[in-house]
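To start, the structure under review is shown below, and the notes come after it.
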Amino acid sequence: MKTKIIRRKIKIAAEIIKKGGLVAFPTETVYGLGADALNRNAVKKIFEVKRRPLDNPLIAHVSSIDGVHEIAEVNKIAERLIEAFFPGPLTLVMKKKRIVPKETTANLNTIAVRMPDHKIALKLIELSETPIAAPSANLAGKPSPTKFEHVLELKGKIDAIIVGRTNIGLESTVVDTTVYPVKILRPGAITPEMLKEFVDVEIHKGKESKPKSPGMKYKHYSPDAELYVFVGEGVKKKIKEFANSLIEKGFKVGLAVSNAREYEEFEFVEELGSDLNDVAKNLFSALINLDKQNVDYIIAEGVESEGIGITIMNRLEKASGGNVYRI
Ligand code: AMP
Ligand code: MG
């Protein structure tokens, strides 16, 4: 399949969506792989291309509040959160309407809905005249794409890629509004503190036998290299020691650290920045870049668990399969 690279003509991309095709497009969180959320055959293709497990439901993206009501039953609580945070990096799980095929929601009677705060994404949805189901535009389990170049790995497998930029660099916060207090199923850029100004909130720990957010049980965000994360006061010394011990054994080691200049003696270093928003923006890109250089190990500097730092650490925890060490 020839993949069209689209720079400005969003209308062409919308025509592809209308015909049941797949389009990768930027949002303010990460790049999404979109298809008509109401077209079961189109949605099936997303699962095929991503090799996504079929029981992991998709988020439907809308371009207006009316769009939310077309596919979901909006209760008072959801309404309050929509008013406060839409458009933005917040996904609400609500009871689904019949119009939504079971393929989109992986057989659940609920649907996750988000209105992205991104010009290109909103335009694409609007011109497509349908909600767009869109998980991240990467192979399932891998770090999420935050740049156009990252999505090129899907070239030949999807119909089009729209050129653009993301902003936050981490996926949306997912909140279940069918229960009260509402439950955070996945942390994101909208923090519990922000939500608590409007509703009572509980953080889902995911220990039940049947996970509430099916996607959270899978290995996620993981680079091919084995990832280790260190966080705390003496982190620089610890990272250097560990990296050197691996290099001595003949391994190729990549580092993802706040300040690259402090690690000049190492060959494969990606800078995350020290501001938490910068770390969020740079994290997935750093993992992807290091993988491209075929390192065996990646050692990353963690951050304090506050604000968006909670989300950064959630992704690092999952990406490393729990290899997080506080020192
Ligand atoms: P992704 O599209 O890969 O960013 O992941 C979307 C996340 O939202 C996954 O963790 C899904 O399991 C979760 N999700 C999507 N739809 C629902 C739903 N109806 N109920 C609960 N979680 C959902
Ligand atoms: Mg994803």
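Values quoted throughout were computed directly from the atomic coordinates according to the rules given, and no laboratory measurement underlies them. Just so you know, these numbers come straight off a predicted model, no measurement behind them. Reconstructed Cβ throughout: ideal geometry from the backbone, glycine too, with neighbour counts over all protein chains shown.
Classify region 87-212 as rounded, prolate or oblate, taking a ≥ b ≥ c as the square roots of the eigenvalues of its Cα gyration tensor: rounded when a/c is under 1.5, otherwise prolate if a/b is larger than b/c and oblate if not.
Verdict is prolate for region 87-212.
Using the Karplus curve 6.51 cos²θ - 1.76 cosθ + 1.60 with θ = phi - 60°, what ³J(HN,Hα) values do you get for each residue of region 173-178, in whole Hz, with x for Gly and Pro?
6, 9, 10, 7, 9, 7
Using only Cα atoms, tell me the angle between helix 76-85 and the longest principal axis of the chain; keep it within 0 to 90° and round to the nearest 10.
60 degrees
For a quick check: with amide H placed at 1.01 Å from N, whose amide H comes under 5 Å from ALA300's, ignoring anything fewer than 5 positions away on the same chain?
So ALA300 has HN proximity to TYR228, VAL229, PHE230, ALA256.
In the structure shown, do any of LYS119/LYS292; LYS95/LYS196; LYS44/LYS292; LYS236/LYS318; LYS45/LYS123; LYS240/LYS281 have a Cα-Cα gap over 27 Å, and if so which?
Correct reply: LYS119/LYS292; LYS44/LYS292.
Could you list which residues have their amide H under 5 Å from that of VAL269, counting only those 5 or more apart in sequence or on another chain, with H placed in the peptide plane?
The answer is LEU255.
Averaged over all directions, how much area does the convex hull of the C-alpha atoms of the chain cover when projected, in nm²?
16.2 nm²
Rounding to the nearest 10 and keeping the result within 0 to 90°, find how far the Cα-based axis of helix 308-319 lies from the longest principal axis of the chain.
Around 80 degrees separate the two axes.
For n ≥ 4 DSSP H runs only, could you compute -39500 (n - 2.57) per run for the chain, divide by its residues and tell me the 222 nm figure to the nearest 500?
Rounded to the nearest 500, it is -9000 deg cm²/dmol.
Taking amide hydrogens as modeled 1.01 Å from N in the peptide plane, which residues meet the under 5 Å criterion relative to VAL113, leaving out close sequence neighbours?
Distant-sequence amide H within range of VAL113: ALA60, LEU92, VAL93, MET94.
Return one number: the angle in degrees, 0 to 90 and rounded to the nearest 10, between the long axis of the Cα atoms of helix 40-50 and the longest principal axis of the Cα atoms of the chain.
Long axis of 40-50 versus the principal axis of the chain: about 10 degrees.
Using θ = phi - 60° and the Karplus curve 6.51 cos²θ - 1.76 cosθ + 1.60, what whole-Hz ³J(HN,Hα) does each residue of region 189-197 get, with Gly and Pro shown as x?
The phi angles translate into 5, 7, 7, x, 4, 5, 5, 5, 5 Hz.
Excluding residues on the same chain fewer than 8 positions from LYS237, give the aspartates and glutamates whose Cα lies under 14 Å from its Cα.
GLU262, GLU264, GLU265, GLU301
If the convex hull of the alpha-carbon atoms of region 231-327 is projected onto planes in all directions, what is the mean projected area in square nanometres?
If I average the Cα hull's projected area over directions, I get 5.7 nm².
As a test, work out the antiparallel percent of DSSP beta bridges whose residues both lie in the chain, rounded to the nearest 5.
Percentage antiparallel, nearest 5: 40.
Would you give the gap between the C-alpha center of region 241-318 and the C-alpha center of region 67-137, rounded to a whole Å?
33 Å
Where a Cα-Cα gap under 13 Å defines reach, which aspartates and glutamates qualify for LYS4, not counting those fewer than 8 residues away within the same chain?
Leaving aside aspartates and glutamates fewer than 8 places away in the same chain, those within reach of LYS4 are GLU15, ASP159.
Kirkwood Rh over alpha-carbon pairs of region 106-164, then Stokes-Einstein at 25 °C and 0.890 mPa s: what D in µm² s⁻¹, rounded to an integer?
Once the numbers are plugged in, D ends up at 183 µm²/s.
Within straight cross-link reach of LYS102, meaning Cα distance under 14 Å, which aspartates and glutamates are found once same-chain residues fewer than 8 apart are removed?
Once the sequence-local aspartates and glutamates are set aside, what remains near LYS102 is ASP36, ASP55.
Where does region 254-297 land on Rg/Rh, using Cα atoms and the Kirkwood Rh?
Looking at region 254-297, the ratio lands at 0.96.
For region 4-142, with equal point scatterers placed on the C-alpha atoms only and solvent neglected, what are the log10 I(q)/I(0) values from the Debye formula at q = 0.12, 0.16, 0.17 1/Å, to two decimals?
Debye output, listed in q order: -0.41, -0.75, -0.85.
When the Karplus curve 6.51 cos²θ - 1.76 cosθ + 1.60 is applied with θ = phi - 60°, which whole-Hz ³J(HN,Hα) does each residue of region 274-282 get, with x for Gly and Pro?
Values, residue by residue: 9, 6, 4, 5, 5, 4, 4, 4, 9 Hz.
What is the chain's relative contact order, in percent, from Cα pairs under 8 angstrom and six or more apart in sequence?
20 percent
Considering the dipole of the chain built from charges on the beta carbon (Lys and Arg +1, Asp and Glu -1) around the Cα centre, which of GLY67, GLY20, GLY169 is farthest to its positive end?
Going by the Cα projections, it comes out as GLY20.
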